[in-house]
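**Q** The structure is given below, and queries will be raised subsequently.
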Amino acid sequence: MTQAHRTETGRSTMRVLVRTHVTESRWGHLLRYGGPGKASDAVEHLGEPIVGARYLRDTGRHAPPATKVLTASEESQLTAAVAASIPTVGSAIDDYVRALATACRRLSQVRSSAPRSTVSERVAVRVGRHYARTPDTTLDLDELVAEVVHSIERAGPLSKGAFCDRYAGSYAVAWEGRGSAACRAFPPESVLVGSNAPPRLSVGWPENWTAGTDRSVYGRYLLYFKRSALGAGESPRVHDPHGAAVLEIDRVCAPYGLADRVGRVVVASLASGVRVDHNGATDSESAGRVLNRWRAGEGIQSVPVDTDAALFDDDLVEAAGAYVAIWVIDTARAKRANEAFRTLVAQDELLARFVVRKVWMRLHGQERAEAGPPTRMNITFWLTSALSAGVWEGLAAYQRASQPDLDAEPTDLGERIARRRQRAHDDFVADHGESPDAFVDRTNRTLSLIAERPALARIVRELPASASEEYAVEMDHVAGPAWTGRYLTWAQVRSHLSAYLVGDTNADTSSARDEGSGA
Amino acid sequence: MMTEHTPGPTRQIDLHRRADGCVVIGHAPAAAAGVGLAPTRGGLFTVDPVDPGAVSVLVPAAPDEECLAVLAALLGEDAATAVRHVAVTGVSHTVVTLPSLPAREDVARLGVLQWATRHCAVGLAQPLLTVEQLALSARLASVMDPDWPGERELWAWTGTILEWARRARASGSPWPRHPAVAALLQDALGSLGETLPLADARLADLDHERELLTALGTLDLRHVDADARPEWLTELRPQAAVTYGGSDSVQLDGIGAVDWARVSPGLTSRAEDAVSWRIRRQDGAHVLTVIVKAPAVAPDLALLVTPTMPMPPMKIINASVYQGDWPLPLVVAGLEFRAEAGAWLGSQHVSATVLERLSDPREGDVDVDVHEAGAVPPRRGGGSRQHAAAQRWAARGATAMRLAGITTGQASTSWRDAAVHAWSRAASVYAGLPDDIGAAPRAQCLAVLSTLGGDGTRTRPAWRRPDSEPVRAPVRVDQASPVSAAEVWFAVSHD
C-alpha cells in the first residue's frame, strides 16, 4: 500500500510521507497490525508533530495540515524534514512502545476497563509532545506512565453488575417520583422517541440508537465512556463513574430523557414536522423559502417554565417539513424510488422515528458533553445527517434485526433454529395480534370478497375521501355487523394497496422474455 | 480482512451544494450492480463495487468542525476547506484535488462489504462478512458515524473468533489456508486486542492465537485452485429456460425470481428461477402452490458455527399473487421453510371468484411477489421489474468477476465466463429501460465487458459509449476492487 502512495505524484500529503517513511524504517516492524505499537498513533501523534516542529525550525513556516495535498516545493521540503526527523521519531517510537507496554500491564493488574487503544493514544500524545518540543531533554517514562495510568484509572465506567447493585434502588425511587410523572406528561411514544414503558436499568444485548429512549439506563451511562461516541480528535474526557451515574439517572427521569428544555422542544417539533404527507405536496421552491427563513432566524423557542404546554417551535416544525419535502424530491430522483425509500415513505412513522431518535442521540451527546443548548446550525446538521444517512442506517438495522442468515445450518443447531422460528412467530403475533396463518386466512377472505363485489372494488380503485366509512358500511352489508373479526380493516386493506405505474408497455414484451414471469 | 488494492484513479473531484444545504462531493456512481453505503461523521459515502476508488459523498447541511475534521482525514484538507466554502458561501460548484489516503480506502472497503452483504449473488458465509465489517468498523471508530455498530458488537463475537483461530490452526484443519482468511482472523483478533477492556481475561488468549497465526501464515500456504461447483455457476448464468421459456402468457403457473430488495439476504435463492408457482385442482378445490428455492449454502459453513455465535432472529415470508393493474393481491400464501426440501413451501386454497379472474387473460398478467410479512406492497409496472432484474444480473456479473479474480486456472475461467454472460444480460436489460435510468449503468456494463473480453491483462479503461447520452460520471472499472474473506472462503471451499 505504501508503494502505491509513494508513486502517486501530485497527491501526496504530510500524513502519507510520514507513514511511508516510518513504516519503512527499522521501527516499522513495531507498528505492524497487532504488533506492540499502533501505526496510526505513531504517525499522527509522534511522527506528524515531530516532523512539523522540524519543518518549522528548518523553514520558519508552519507545516501544512497533515492531509493537505502538497505543492512540489512543500513536498520536497517536507520529504527532507521527514528524512531528517526519522532518528528522533524512532527514539520516540521506542519510548512509546515501552511506556505503552508498562501502562497496559499496570492497568491490567488493577483490572481497568480501559481498552488498549485509549492507553496507546494517551501515551503517544504525551511522548509526541515531548519529542516535538524538547527533543534534547530526557523523557521521564516512569512519570509519563504514572500520569497516563492515573488519568485512565479514574475514567472507567462501573461494570453492569456494580452499576445495578449500586443504583437500582435510587433509580426506582427517582422513577417513581419524577420519572413516571414526566412520562405521563410527555409520553415518548407521542413523539416517536421511544415507548411509554419505563426504561430498563440494564439489558443483556448491545443497544443501538434506533432504541431511542428505550435504551437502558446503563446503556445511556456507558455512552459517557464509549470511545466511538467521542468526536474525532476529541480526547476522552475524564468522567467520574459515580457522578455520571447520578447525572444520567436524573436525566432518564426528565421528559424525553433530556435535562434541557430546548432539547425537548427540538424532539417534539421534529416529530410533528417530519410526519407530514410526503407525497409531493410541497414543491422544492416553497420548501426552499421556508428553509431560507429558518436559516435567517435564530435560536429555538422554548416554553418559559415546565408546564404541560405544547413544546413546539413553529419555525422548526415548518423547517423539518421542508427538509423532508426536499429529501423526498431529491431521493426519489436519485434513488429512482427504490425499495428502501418506498418503505420509509410508505411507513411515515418509520421515517419520523429514525429522524427523531437519531437527533435525540445527538441532543443526549450534547448534554453529556455539557455543550450548551443546540443552535439552529446544530439542528440543521443533525437533521440533514439523519435524512442523508441515518434513515438508511436505521432501516438496515431494522431489517437486520429480522435477518436469519444461518438458516441451513447443521442439525445440531436445530433447536436454536426452532427457537428462532418460534420467536419470529411470537413477534408476528405481538405485532399483529394473531398468528401468521390466521392473518393470511383473514387476508385471503377479504381479498377474495373485494375482488368479487363491485361496490368494494370501486372503493379500492377510486379511493374516495370517505373510503374508510364506505368500506365499513359495505362490509356491514355483505358480511354482517361482526365482520371485523373475520376480515381486514380498511387500514389493513389500504396497507396492501400497491402503486401500479402505467408505461410498462415496452417492458411487457421484453421482460417476459428476459426475466421469465412470476415475481 | 480484504486484500490491498491500488486506489482508483479519482484525482480531481467536484462539489456542489443542494437546495437543502447538503454538499454533494463527486457524482452518483453508475451502480449497475448496486452500491454499498458507509455512513461516516463526515457524510454518507456511496461505494460502487465495480469502481470503489470513485468518490461519492453526501455531506449534511451546516457541517460542524468535527464533520470537517473527518472529511479532512478521509478526503484531505483541501476537500474539507472546499466543503466549508461551498456550504457557507453557497457557491454552487468547485473542484479540488484529492490525496490518496488509506483511511478513505478503508471506508471504501467497508462500502464493498456492505454491498457484498446485500447484493452478492452467491451464498457467502454471513458470519465472516459480519466479523470482517465489525473489525473494520472498530478500527474506523473515530471516523464512522458514532452510532454505527463497532467494538461492542464485535465483543459479542470474541468467543467465536477465538474458536475460529483454534480451528484454523489445528493440524489437518479443513479451513482454507488462504491469506485472506488468515488476515481476517488477524484483523479481528487485532481489533479485539485494541478495544477489549484491559482487565478482560481473554486478552491473553487473543495474543496467543495471534502469534500462532502469524507463525502459521509464514508456513505452507495451500495453493488456491478452486474448482467451483457447477450449480454456483449456473445460478449466475442466463439459462435457456429462463430466457425463452417465460410463461407470462400461461396464466396458472409460472417461474420467476425473488426481488432481492423484498427479502433479506440469505433467506431465499438468488437465482432468476428461484420461484415456481402453480394453481391446480386438488381434491375438488383449486390450490395455489408456491415453491421458493432456499439459498444453496456452503457445506463448509459448519466449520464456522460455534456455540456462542450471535444469531439474528428469523422472519415470516409470504407470497402474494397480483394480476394486471388490480392494486390488491388476489391471493396470499404463507411460506414455510422445509430444510429437507431445501425450499420454502406454501399452499393456499383459491376461491372460485379469484380463480375465474386469474384464468381470464383480459385481466392482465399474473405476478407473484415473494416478500417478508408486513412489508410495504411492491411497486409494479413502469419498468420497475426490469430495473430490479438488470441490477440482479449486474450483481451476478460483479460477483462472478470478483470470484474469477480470487481463483486460478479452470475455476477462474469458468467464473469469468459466467461473469461475461451475466454482464451481457444486464447490459441488454438496462438497454430496455429509459435512458435517464438505464444509460449510465448500461455504459458501466459495457465497460466491464470490454475489460473482461480483453486479453486478461488488468487494464483500467476509461470507456464511454460514443453514441450514448452524455454520462455524468466517467465509467471506470476497477478490477482490483477489495475482496472480502467471505468471498475467498466461498471460492476455495469448493474444490
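**Q** Can you list residues whose amide H is under 5 Å from B:Ala343's amide H, if they're 5+ apart or on another chain and H is modeled 1.01 Å from N?
**A** B:Ala294, B:Arg338
**Q** When Cβ neighbours within 10 Å are restricted to other protein chains, what is their mean count per residue of peptide B:72-81? Each step should come with its number before you reach the end.
**A** Values: counts 8, 6, 1, 1, 8, 9, 5, 3, 3, 2.
Per residue, the average neighbour count from other chains is 5.
**Q** How large, in Å, is segment B:315-456 by the Kirkwood hydrodynamic radius built from its alpha-carbon pairs? Please list the in-between numbers first.
**A** Numbers: mean 1/r = 0.0557 Å⁻¹.
Every distinct Cα pair counted, the radius reaches 17.9 Å.
**Q** So, R0 is 56 Å and r is the distance between the beta-carbons of B:Leu345 and A:His242; what FRET efficiency does that work out to, to 0.05? Mind showing how you got there, number by number?
**A** Numbers: r = 58 Å, r/R0 = 1.03.
According to the calculation, E is roughly 0.45.
**Q** Taking 0.36 nm per residue of sequence separation and subtracting the Cα-Cα distance, how much length would be gained by fully extending the chain between A:Gln422 and A:Ala146, in nm to one decimal? Write out the running numbers ahead of the final one.
**A** Details: separation 276, 0.36 × 276 = 99.36 nm, distance 5.39 nm.
Stretched out fully, the A:Gln422 to A:Ala146 stretch lengthens by 94.0 nm.
**Q** Let me ask you something else. May I ask for the accessible area buried between chains A and B, both sides summed, probe 1.4 Å, to the nearest 100 Å²?
**A** On the way: alone 28720 and 22340 Å², together 39620 Å².
For A against B, buried area totals roughly 11400 Å².
**Q** Let me ask you something else. Any chance you could check segment A:60-83 for residues losing 10 Å² or more of accessible area when the partner protein chains are in, compared with the chain on its own (1.4 Å probe)?
**A** The answer is A:Pro65, A:Thr67, A:Lys68, A:Val69 - residues whose exposure falls by at least 10 Å² when every protein chain is included.
**Q** Taking each residue of A:355-363 in turn, how many C-beta atoms of other protein chains fall within 10 Å of its C-beta, and what is the average?
**A** Numbers: counts 0, 0, 1, 2, 0, 0, 3, 2, 0.
Per-residue shielding by partner chains comes out at 1.
**Q** With each label point set 7 Å from Cα along the Cα-Cβ vector, what nm distance links B:Ala352 and A:Arg494?
**A** Going by the 7 Å Cα→Cβ label model, 3.4 nm.
**Q** Oh, and also: Evaluate peptide B:194-205: per residue, the Cβ atoms of other protein chains within 10 Å of its Cβ; return the mean as an integer.
**A** On the way: counts 10, 6, 4, 12, 18, 10, 4, 2, 0, 4, 1, 0.
For this peptide, the per-residue mean of nearby foreign Cβ atoms is 6.
**Q** Right, here's the next one. Quote the FRET efficiency, to the nearest 0.05, computed for B:Asp300 versus B:Ala156 with a Förster distance R0 of 22 Å and r equal to the Cβ-Cβ distance. Intermediate results must be reported in sequence, preceding the final value.
**A** Details: r = 23 Å, r/R0 = 1.04.
Between B:Asp300 and B:Ala156 the formula returns 0.45.
**Q** Also, quick follow-up: What Kirkwood radius, in Å to one decimal, follows from the Cα pairs of segment B:266-395?
**A** Radius from the Kirkwood sum: 16.7 Å.
**Q** If you don't mind, there's one more thing I want to ask. Whole-Hz ³J(HN,Hα) for each residue in segment A:184-199, computed from phi via Karplus 6.51 cos²θ - 1.76 cosθ + 1.60 with θ = phi - 60°, x for glycine and proline: what do you get?
**A** 6, 6, 10, x, x, 4, 5, 10, 6, 8, x, 8, 7, 6, x, x
**Q** To the nearest 0.05, what FRET efficiency results for A:Tyr398 and B:Ser450 with a Förster distance of 41 Å applied to their C-beta separation? Working shown, then result.
**A** Numbers: r = 40 Å, r/R0 = 0.98.
The calculated FRET efficiency here is 0.55.
**Q** Another one. Checking the a/c ratio against 1.5 first, then a/b against b/c, what shape does the Cα gyration tensor give for segment A:99-159? All intermediate terms of the calculation are to be shown ahead of the outcome.
**A** Details: a/c = 2.72, a/b = 2.21, b/c = 1.23.
Prolate, because a/c is 1.5 or more and a/b exceeds b/c.
**Q** On to the next question. With the Cα gyration tensor of segment B:1-124 in hand, give its eigenvalues times 5 under a square root as the equivalent ellipsoid semi-axes, listed largest first in whole angstrom.
**A** Working: eigenvalues 129, 43, 32 Å².
After scaling each eigenvalue by five and taking roots: 25, 15, 13 Å.
The values are calculated or read from the model by the stated rules, or taken from the named source; none is laboratory data. Note that the coordinates shown come from a computational prediction; the quantities given were computed from them, not determined experimentally. Cβ sites come from the backbone with ideal geometry, for glycine too, and all protein chains shown count toward neighbours. Just the protein is used for accessible areas: all its heavy atoms, side chains included, with ligands, DNA and RNA removed. Shrake-Rupley method; radii C 1.70, N 1.55, O 1.52, S 1.80 Å.
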